[in-house]
Number of protein chains: 2
Amino acid sequence: MYYSPMARAATTSDAFNAVAEPRRRDILSYLALQERPVGDIVVALGLEQPSVSKHLRVLKDVGLVRVRREGRHMLYRVNAEAIRPLHEWAGTFERFWRHQLQKVKERAEEKMTKV
Amino acid sequence: MYYSPMARAATTSDAFNAVAEPRRRDILSYLALQERPVGDIVVALGLEQPSVSKHLRVLKDVGLVRVRREGRHMLYRVNAEAIRPLHEWAGTFERFWRHQLQKVKERAEEKMTKV
DNA sequence: TTTACATATTCCCATATAAGCATGTATTAT
DNA sequence: ATAATACATGCTTATATGGGAATATGTAAA
């Protein structure tokens, strides 16, 4: 078997790769409030329709959004559950940034008492 | 000026793009515990040394890690503060997945009382 | 059945990898 | 000064975009 370079993981490989694209984060934030048809996203974010459809495809492939049809409209909504892994991974570092802030605070207080 | 397509945002454009690569998340998790030289990461994660150096370069460029030299060793450590934006963005969806879980729970309880 | 509307898909192309391999650069040891 | 150690960087290559433009698909309205 020959060498096959995985230049960069596919955007559809997981939620991390999918949300790396800023427009996709914008779309998710917009959809967070409420289920919406594609056209609304196009107008709200000022993007081209094909571009929005492609981004939605990626989001759907990784389970970050769900769709249902209503007449000519495709109503997309966020599947928040799929964002949890991201939140939890980042959360494993929470105690470290708290610790860093604590040290900054301590130094500030030390400076105050010295005055 | 001509059209210049940004095929995909640079891995160094922000923390979101930097952590999209699984190996870089592995490196961050490994460094979370403690400051480490490059060689330790190579051994611990079983990657090629140039590969680790390049990943560290990306992480450093977006401020996810800091370095200091100690003799021949370059000691890398996590800058947890840079992971916060990620945690906070994902956190804006927390109430939605809680809400989803709540509905699942309610349906389950409804089913129980019906029996 | 045309027509209009809403969305999805295809094709093209410049760009940015990530891994492998080779080589350059510090810094310490001999 | 030379060798060895620890990293960083450069080069090549196959791959996966994301935007633009055009076109296809699906549904409802006339």
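Take the conditions (1) away from chain A (no Cβ under 14 Å); (2) within 10 Å of DNA strand C (Cβ to nearest atom); residue B:48 misses just one of them, which is (1).
Inspect all residues belonging to region B:65-75 and state whether any of them is part of a helix (DSSP H, G or I) and under 21 Å from residue A:94 (Cα atoms). Within region B:65-75, none of the residues are part of a helix (DSSP H, G or I) and under 21 Å from residue A:94 (Cα atoms). Within region A:65-102, restricting attention to residues that are within 15 Å of residue A:41 (Cα to Cα) and of a type in the set (A, V, I, L, M, F, W, C), the residue that is most open to solvent (accessible area, probe 1.4 Å) is A:74.
Take region B:1-53 and flag every residue that is among the acidic types (Asp, Glu) and more than 14 Å from DNA strand D (Cβ to nearest atom). So that I can check it myself, show each step before the final result.
Within region B:1-53, the first condition is being among the acidic types (Asp, Glu), and the residues that meet it are B:14, B:21, B:26, B:35, B:40, B:48.
Answer for region B:1-53, where residues must be among the acidic types (Asp, Glu) and more than 14 Å from DNA strand D (Cβ to nearest atom): just B:26.
The values are calculated or read from the model by the stated rules, or taken from the named source; none is laboratory data. Since the model is a prediction, treat every value here as computed from it, not as a measurement. When we count neighbours, we look across all protein chains shown, and the Cβ atoms used for this are built from the backbone with ideal geometry, even at glycine. Remember, those area values only see protein heavy atoms, side chains included, never the ligands or the DNA or RNA. Shrake-Rupley method; radii C 1.70, N 1.55, O 1.52, S 1.80 Å.
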